[in-house]
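Here's the structure, in structure tokens; my notes come after.
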Amino acid sequence: MSETAPLPASTAQTDTSAPKVGIIMGSQSDWETMRHADALLTDLEIPHETLIVSAHRTPDRLADYAKSAAGRGLSVIIAGAGGAAHLPGMCAAWTRLPVLGVPVESRALKGMDSLLSIVQMPGGVPVGTLAIGSSGAKNAALLAAAILALQEPELAARLEAWRALQTASVANSPMTDAE
Ligand code: RP5
């Protein structure tokens, strides 16, 4: 997994309107995974922001971010981290907003450590845990879109169109190597 993919400037907003979804990640090295959530939210025209926020290295930044998120107008937070991945859970501890956790694939344990760190929350502090890696990041964005679409008919239409395109892209039968 590349650790050199460029991350937009911290606190960068990818839309000029107020962000509705916050994508946070524990390290620059998580961007290669989390960029898939960023790309999908951009495709669906959902205002969002991307930041590096580490539960361990920048705990005050995490507390400030999570505590202010609802007041700033965010509706959903997507939090991706790897290894001892406490970011989604600690974020959920500081906010009532839905938090979607993405386990980043770690080098040592292939993301099993990340997954188990995120999924096994105590009752009372929920984190919606996605799959390990880029599929999880992509699906976190789709879930965030589905949550927002409950209140936004135009977004619901864009989400349905995205799904219809995906369905149409699946071939009826596999191609052989010769084709
Ligand atoms: C976690 O530690 C991050 O979310 C990242 O997945 C992992 C490794 O971070 P780096 O050492 O690459 O910065 O906090």
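Readers should treat all values here as calculations from the given coordinates under stated rules, not as data from a laboratory. The structure displayed is predicted, hence computed values, not measured ones. Here Cβ is always computed from backbone atoms with ideal geometry, including for glycine, and neighbour counts include all displayed protein chains.
The label-point distance for Gln28 and Thr42, in a model that sets each label 7 Å from Cα toward Cβ, rounds to 1.9 nm. Most tightly packed first, judged by the mean number of other beta-carbon atoms within 10 Å of their residues, the peptides 152-165, 86-99, 62-75, 35-48 read 86-99, 35-48, 62-75, 152-165. Rg over Rh for the stretch 48-89 works out to 0.94, both radii taken from alpha-carbon positions and Rh defined as the Kirkwood radius. Based on alpha-carbon atoms, the Kirkwood radius and the radius of gyration of the stretch 21-68 give Rg/Rh equal to 1.01.
The translational diffusion coefficient of the chain, from Stokes-Einstein at 4 °C and 1.567 mPa s with a Kirkwood hydrodynamic radius over alpha carbon pairs, comes to 78 µm²/s.
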